[in-house]
1. Calculate, for residue 49 and residue 177, the FRET efficiency according to 1/(1 + (r/R0)^6) with r their C-beta to C-beta distance and R0 35 Å; round to the nearest 0.05.
2. Once you put a point 7 Å from the Cα of residue 141 and another 7 Å from the Cα of residue 155, both along the Cβ direction, what distance in nm separates them?
3. Could you calculate the contour length gain from residue 58 to residue 84, that is, 0.36 nm times the residue separation minus the distance between their Cα atoms, to one decimal place in nm?
4. At 7 Å along the Cα-to-beta-carbon direction for both residue 109 and residue 22, put a label point, then send me their distance in nm to one decimal.
C-alpha cells in the first residue's frame, strides 16, 4: 500500500498486469491442491466447506442456536392440540369466508370440465417466450400463416399449442429448463402421441436448437409443410 500522496502500484497498468500473489494450499476435505489469490482461503469450494468439521463446530456454537428456545422447532417439535385448533380455525387460512365450503364443492364434474375447457380459450401467458418469437418471425419471413396459442381440444390432455399451421401442423418451442432438456417432460410425450394418433404433425424444437441452429428448424418446418 503506497503512502499518502504516493504513486499507486497499478497506475498506467492494465488489470491483467497487476502483480498478484498466488497462494498454494491443500484442501483439508478433498486433499486437492488449490491455487488462490486469497490468503485466508482454506477450502477449494463451497461443497468442501459444507462437509468440513469447522462448519459443524461453528453451527453448534452459534449464538443463534445455542441456548435458543426456538431451536426445538428444528428438532421435530410438535404443536399442541390447542395450537393446531388455532391454526385450523384461523380466518385467513382459506381464500373464502370462514364456515363456508369451497366454491367448487357443489359443482358437478360436468360443470368443472366445461370450466376447464373454456379456460383453454384464454391466453394464460401475457407475453410470448423468446424461442416462440424467433419461430414466429421465421414463419413471417417465409410467408407462412400461423395461429398462436390455438386450443387443441380433440385429445385427452387438452392444451394450447405454441404455434399452429393449417390444416394439422403443431409447433412447440420448448424451453430447456422448464421442459427438462434433454429428456423432456412426460406430459409433453403423452400429448405428442395423442396428437399424432389424431392425424396431427408435431414439431418440437428445443430452446438451444432455436438459438444455435435456426436454419435446421426452418428446413424441418418446410419439409413438413410440403
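We did not get these values from a lab; they are worked out from the coordinates using the rules stated. Computed from a predicted structure; not experimentally measured. Please note: Cβ atoms are built from the backbone with ideal geometry, for glycine as well, and neighbour counts cover all protein chains shown.
1. 0.80
2. Each label point lies 7 Å from its Cα, and together they span 2.9 nm.
3. 5.9 nm
4. 7.0
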